[in-house]
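The values are calculated or read from the model by the stated rules, or taken from the named source; none is laboratory data. A quick note: this is a predicted structure, and the numbers were derived from the prediction, not measured. Glycine gets a Cβ as well: all are built from the backbone with ideal geometry, and neighbour counts include every protein chain shown. Side chains are part of the model used for accessible areas, which takes the heavy atoms of the whole protein and leaves out ligands, DNA and RNA. Shrake-Rupley method; radii C 1.70, N 1.55, O 1.52, S 1.80 Å.
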Amino acid sequence: MDLAPHKVVSEMTKNRINDFINGRFLDNNLGAFGYEGSHIVTNVMVLGGQYFPREIGDFFYKNLYIDINGTRQHLPKQAMVEKHYRAVNGALCYILLWRGR
C-alpha cells in the first residue's frame, strides 16, 4: 500500500496526577510535552523522514489545578499540550497530549 497522508494526528492521554502528588519531576518550561512529547512525536517519526518537521507551528497549553493534601496546586502547562507543524512533504502534523482522568 502506497499511502501519503496530508494530515497526521498523534494523540496520547496519560493520567500523571499520582506522579504529581508523589513529587515527580515537572518540566516547567515545556510542560507535559517535556517528558511525554518524545513518546508521542515518535509515532509520527516512524512514518519516515518526509514527516519530520519542516516548519514549526503553534504550541498551545492548558494549566492543571489539583488538590494535594487540602491545598490547591497550580501546575502550569500540565493539563494539555497541542503542537502543530508542517512536515518536509507538506503534510500538517498535530501532536496532542491530554491529561487523562
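Quick one: would you say G34 is at pLDDT 90 or above and surrounded by 11 or more Cβ atoms within 10 Å (Cβ to Cβ)? Answer is no for this residue. Screening G31, G57, G23 for residues that are part of a loop (DSSP other than H, G, I, E, B) and in contact with a Lys or Arg (Cβ under 7 Å, 6 or more places away or on another chain) leaves exactly one candidate, G31. Scanning segment 7-29 turns up one or more residues that are buried (at least 16 other Cβ atoms within 10 Å of the Cβ) and among the small types (G, A, S). Filtering segment 34-50 to residues that are assigned to a helix (DSSP H, G or I) and either of a type outside the set (S, T, N, Q) or out of contact with any strand residue (DSSP E or B) (no Cβ under 9 Å at 6 or more places or on another chain) (or both) leaves G34, Y35, E36, G37, S38, H39, I40, V41, V44, M45, G49.
From the list I40, I95, I56, pick out the single residue that is open to solvent by 40 Å² or more (accessible area, probe 1.4 Å) and not basic (K, R). None of the other options fit; the residue is I56.
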